[in-house]
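Just below is one structure, and these are the notes that go with it.
The values are calculated or read from the model by the stated rules, or taken from the named source; none is laboratory data. The structure presented is a predicted model; accordingly, all values stated were derived computationally and were not measured. Don't worry about glycine lacking a Cβ; one is built from the backbone with ideal geometry, like all the others, and counts go over all protein chains shown. We work out accessible area using only protein heavy atoms, side chains counted, and drop any ligands, DNA or RNA first. Shrake-Rupley method; radii C 1.70, N 1.55, O 1.52, S 1.80 Å.
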Amino acid sequence: MRRADLTLNEPFEEDIANLSPYFSTPGSSTASSNGSLVTPTPTRPSFPPGFNLPRINTGLSRKKSLGQLSPTSSSPTLSKFTRPAPLARSRTLPRIHQLETKLKARTSELDGLETSPEVLQKMRRWIVGIAIVDFDLDDGPVIDGIFPPSILLPAEAENIAFSSFPDSLQFDQGSLSHSFRVREQLISINNEKRPPTKDGFIYGYSHFTQQRDSTSKRGYKQRSVVILTQHQYPALFSSLLSIFGPLFQLHGVPMLEAACHNISTWRDPIPGETLELGFLGSVLQLELPRTIDEQQLTDTSSFQEKYDPRQHILATAPPLFPPPLMLFESSLPNLWSIWECLVLCEPILVFGASPAQTSQAIWWLRDLLRPIPLAGDIRPYFTMQDGDHSLLVNKLPPKPGVLLGVTNPFFEKSCGHWPHILSLGRRTIMKSAIKTTSNLPPAGPIPGWKTKTHRRYISKDRVLLKMLELACHGDDRARLDASLALRRHFCSRTTALITPLARYLNTLIPSPSEVAAARASRNLLRLKPFNSVNFFSSLKTHGSTLPFKSTSKRATFYERWLKTPAFGLWLAQQEQIVQGVLQERTFSALV
């Protein structure tokens with residue numbers, strides 16, 4: 001999307017009145033003989049031909065006059081001015097005349113990339129587009145272009161631009177890769193202009209670089225290249241970004257064109273398929289899940305050779321590089337409490353030193369929920385400028401199931417009433433009693449797990465915990481193996497959690513005699529209603545493979561889980577599956 005196409009908010013009336021050269025009059029005030037200020041009667045200024053002065057209600061108070069003026073095509077060029085503190089982020093976007101002059105080189109370069117409608121359609125099976133985001137001295141992060149051309153609404157473009165940059169200083173020179181999730185605007189967009197999303201969100205995978213630049217007033221050049229997609233496949237697009245990001249940094253737009261061309265040659269992303277993808281000189285083996293909530297495990301993958309995390313990609317799995325175990329080093333003993341909070345749809349604020357940390361951790365936590373469907377909002381990297389900031393961060397209790405990844409210390413205060421905070425990284429120990437700038441801990445909460453309300457129901461696996469603690473002091477291979485073992489452990493616990501429910505649901509499926517009677521009467525069968533009393537009776541009889549601390553804690557845990565939105569979604573999925581099988585059996589007999 002061209003920056004020139006963005007919809008801009010109009011300048012404030014007060015700004016125009018004070019700063020426009022057409023409103024200024026010679027000598028706004030004079031001094032009288034006794035030293036007091038005397039304001040002369042203003043004369044009507046002269047305006048250039050064709051300038052239409054907007055109508056201003058003179059009866060308005062100064063406070064009310066801060067509203068927007070109606071835009072006119074002949075508005076004069078405004079000089080640079082200091083914006084008032086309460087200005088919204090959208091009001092700080094660049095003015096149109098600046099957009100048209102400043103971006104000619106970049107837009108013409110991207111406009112030169114052409115593609116046929118057929119190739120464009122093939123690319124859009126996998127991605128929305130690849131965006132280039134630069135830092136503007138006056139306007140902050142702005143999208144300079146996107147290929148293939150796609151329509152982004154102004155709020156979407158603004159969210160993507162700010163989310164593609166870290167909101168704190170990370171290094172003097174270097175690069176950083178992270179991901180984010182921004183809400184699609186509730187406005188219908190023609191599928192020919194942009195591929196539809198799967199769940200109402202756009203997923204972004206950003207490679208941010210910062211280099212010294214003597215020609216810049218800030219002394220640095222900051223840029224992000226962002227893969228935008230409608231698919232919730234973090235392992236796939238993180239792998240693509242790790243290949244594409246450094247190559248784009250070296251070779252620029254031609255590498256972007258080559259990446260898009262490679263993507264257009266891929267087969268359709270059919271659920272359950274295993275594909276071989278060629279991408280910028282690499283060959284990747286990809287396994288797609290049958291559903292977005294399916295567990296993709298290395299032990300049951302469809303690859304015909306030994307699993308190699310650098311070549312074999314389980315699409316919905318979390319990124320494995322660097323080994324995610326190190327993110328949770330300060331909270332390893334609390335991982336079992338964190339897992340319980342996840343399945344009970346407890347909101348968790350995840351604080352990290354960088355967007356790379358928070359986004360990897362959020363994808364990791366989301367993956368541990370499978371096969372339970374996601375019932376809350378997840379944001380791998382969330383900024384204060386996000387359009388949903390007031391919706392997710394306010395004085396009200398946080399929404400169930402929200403996983404919010406943040407790096408700005410501001411959130412520690414604004415989310416102080418949240419019940420759970422997970423701060424990533426290693427626990428820091430102050431070696432000196434004297435605080436200096438060199439030994440001060442980083443801003444934000446101390447690494448570790450902090451909860452106000454949760455008490456653990458299930459016993460830890462202390463053998464696994466010991467192995468994880470030893471792996472933290474080992475090499476990268478030991479850390480990766482421990483990370484995979486940790487993922488298998490909690491995925492098995494999630495499966496064990498729903499096993500008693502699946503056992504009870506089997507008793508609600510119509511019997512063969514009921515199916516035969518339905519065929520004769522041509523009636524449709526449904527799963528019998530779920531009854532919590534009968535379920536707990538079944539649970540007491542058959543028990544659970546999860547190592548609960550006591551039977552009372554087991555009952556309390558399931559009572560809480562049956563009240564979560566995740567259980568409602570899971571039950572609806574099971575009913576839909578059973579309903580489909582029953583209809584197939586009924587209608588097959590009638591044919």
Test: residue in segment 510-523 that is among the small types (G, A, S), open to solvent by less than 90 Å² (accessible area, probe 1.4 Å) and within 17 Å of A572 (Cα to Cα):
no
How many of the residues making up segment 281-309 are part of a strand (DSSP E or B) and within 23 Å of A566 (Cα to Cα)?
0
P271 passes all but one of the listed conditions (1) outside any loop (DSSP other than H, G, I, E, B); (2) farther than 19 Å from S423 by Cα; the exception is number (1)
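Quick one: in segment 378-407, of everything that is outside any loop (DSSP other than H, G, I, E, B) and small (G, A, S), which residue is farthest from the chain's Cα centre (by Cα)?
Start the filter on segment 378-407 by keeping residues that are outside any loop (DSSP other than H, G, I, E, B), which leaves 378-379, 389-392, 403-406.
Now restrict to residues that are small (G, A, S): 390, 405.
Values: S390: 16, G405: 8 Å.
This residue is S390.
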Can you pull out every residue in segment 499-522 that is free of Cβ contacts under 8 Å to residues at least 60 places away in the same chain and of a type outside the set (A, V, I, L, M)?
T499, P500, R503, Y504, N506, T507, S511, P512, S513, E514, S521
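Among the residues of segment 310-322, is there at least one that is more than 20 Å from the chain's Cα centre (by Cα) and surrounded by 16 or more Cβ atoms within 10 Å (Cβ to Cβ)? Lay out the reasoning, then the answer.
First, the residues of segment 310-322 that are more than 20 Å from the chain's Cα centre (by Cα): 310-313.
Within this subset, residues satisfying the condition of being surrounded by 16 or more Cβ atoms within 10 Å (Cβ to Cβ) are 312-313.
Yes, segment 310-322 contains a residue that is more than 20 Å from the chain's Cα centre (by Cα) and surrounded by 16 or more Cβ atoms within 10 Å (Cβ to Cβ).
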Run down L152, L93 and say which single residue is under 22 Å from Q222 (Cβ atoms), buried (at least 21 other Cβ atoms within 10 Å of the Cβ), of a type in the set (A, V, I, L, M) and modelled with pLDDT under 90.
L93
Enumeration of residues in segment 455-498 that are under 20 Å from L374 (Cα atoms), without any contact (Cβ under 8 Å) to a residue 60 or more places away in the chain and surrounded by 15 or more Cβ atoms within 10 Å (Cβ to Cβ):
H489
Top-ranked residue in segment 323-356 [being over 27 Å from R462 (Cβ atoms) and in a helix (DSSP H, G or I); ranked as most open to solvent (accessible area, probe 1.4 Å)]:
A356
Limited to segment 357-391, what total is found for residues that are free of Cβ contacts under 8 Å to residues at least 40 places away in the same chain and crowded, with 17+ Cβ neighbours inside 10 Å?
2
Could you name every one of the helices (runs of 4 or more DSSP H) located completely within segment 490-581 that has at least 1 residues being modelled with pLDDT of 90 or more and aliphatic (A, V, I, L, M)?
532-542, 551-561
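Rundown of residues vs (1) surrounded by 23 or more Cβ atoms within 10 Å (Cβ to Cβ); (2) modelled with pLDDT of 95 or more; (3) touching a strand residue (DSSP E or B) at 6+ places or on another chain (Cβ under 6 Å), yes/no style:
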{"position": "K217", "(1), (2), (3)": "no, no, no"}
{"position": "K221", "(1), (2), (3)": "no, no, yes"}
{"position": "S224", "(1), (2), (3)": "yes, yes, yes"}
{"position": "I227", "(1), (2), (3)": "yes, yes, yes"}
{"position": "L236", "(1), (2), (3)": "yes, yes, yes"}
{"position": "S242", "(1), (2), (3)": "no, yes, no"}
{"position": "P254", "(1), (2), (3)": "no, no, no"}
{"position": "T265", "(1), (2), (3)": "no, yes, no"}
{"position": "D268", "(1), (2), (3)": "no, yes, no"}
Per the filter on segment 125-148, residues modelled with pLDDT of 90 or more and open to solvent by 30 Å² or more (accessible area, probe 1.4 Å) are R125, F135
Between residues in segment 263-280 that are β-branched (V, I, T) and residues that are assigned to a loop (DSSP other than H, G, I, E, B) and open to solvent by 40 Å² or more (accessible area, probe 1.4 Å), which pairs lie under 6 Å by C-beta distance while being six or more apart or on different chains?
T274/S302
Going by the conditions given, is S538 open to solvent by 50 Å² or more (accessible area, probe 1.4 Å), small (G, A, S) and more than 22 Å from V463 (Cβ to Cβ)?
no
